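Below is one structure, written out as C-alpha cells; comments come after it.
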Amino acid sequence: MPRSNPNIIITGTPGVGKTTHCEMLAQNTGLKHLSINQIVEDRDCREGRDEELDSWIVDEDKLLDAIEHEVKQGGCIIDWHACDLFPKSWIDLVVVVRCNSTILYDRLQARKYNAKKIEENMDAEIMEVLLQEARDAYDEEIVVELKSDEAEDVESNVERIEAWIKQWKEDHKDDADE
C-alpha cells in the first residue's frame, strides 16, 4: 500500500533527546509521534521487568502487532532506543541521535538512573551501539547520525528532518496518487 507520508525512527541512547526531537517534529509536520515506551505500557506489550536496570522487558512481537496497522498507513515518528526490530519495509528514515558523553552523563544523573543503568547507557553511547545497530539493520542511505548536545542542535536537526520529509513527499507524490 503506497503511503503519502514517510515513517521515521528517531533512536539513540536514553537521554540524547529523542523525545524532544519527536515532539517538535510531530508538532511541526503533523506526523504522529509513536512513543514506544508509552505504547508498551498502554497496550500491555511487556514480558516482565528488569529490576537491575529498572525497565520493562518488551514483548517485541506483541509490540509490532500493536503498531503495525498505524505504521503501514505511514506518517509515524517512532521514538525508541532500539530500531532493528522494525521491518525495513516500514521505515523510510532512521535518525540516530547522539550526544557528548559528558553531557549525557549529566542528563542520566538528572533522571536519577541507578549506577548500573547509567554505566550501561554510557557504554552504549561511547561504543556507538545504536548507530551500528541502525547501520546493520537498514540500508546505509536511510541512516543519519545527528548530534544533540544543545537546544540549537535540536532545532537544526528538526529543520533538517522537515526538509527531508518535504523532499520525500515530493519524490513519492505519484505513488500516493495510484
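The values are calculated or read from the model by the stated rules, or taken from the named source; none is laboratory data. From a predicted model like this one, the values you see are computed outputs, not experimental measurements. Cβ coordinates were reconstructed from backbone atoms using ideal geometry, including for glycine residues, and neighbour counts include every protein chain displayed.
Points to keep in mind about this one:
- Restricting region 125-140 to residues that are buried (at least 19 other Cβ atoms within 10 Å of the Cβ) and closer than 24 Å to ARG49 by Cβ, the residue that is farthest from the chain's Cα centre (by Cα): GLU125
- Those strands (runs of 3 or more DSSP E) lying entirely in region 52-105 with at least 2 residues of a type outside the set (S, T, N, Q), touching a Leu at 6+ places or on another chain (Cβ under 6 Å) and more than 16 Å from ASN37 (Cα to Cα): 93-98
- Any chance ASN37 is touching a strand residue (DSSP E or B) at 6+ places or on another chain (Cβ under 9 Å), in a helix (DSSP H, G or I) and under 28 Å from LYS147 (Cα atoms): yes
- Selection of region 54-95 for residues being among the hydroxyl-bearing types (Ser, Thr, Tyr) and at pLDDT 95 or above yields only SER89.
- Number of positions in region 109-119 that are crowded, with 16+ Cβ neighbours inside 10 Å and part of a helix (DSSP H, G or I): 2
- Pairs with Cβ under 7 Å, 6+ apart, first in region 101-112 and basic (Lys, Arg), second surrounded by 13 or more Cβ atoms within 10 Å (Cβ to Cβ): ARG107/GLY15; ARG111/GLY15
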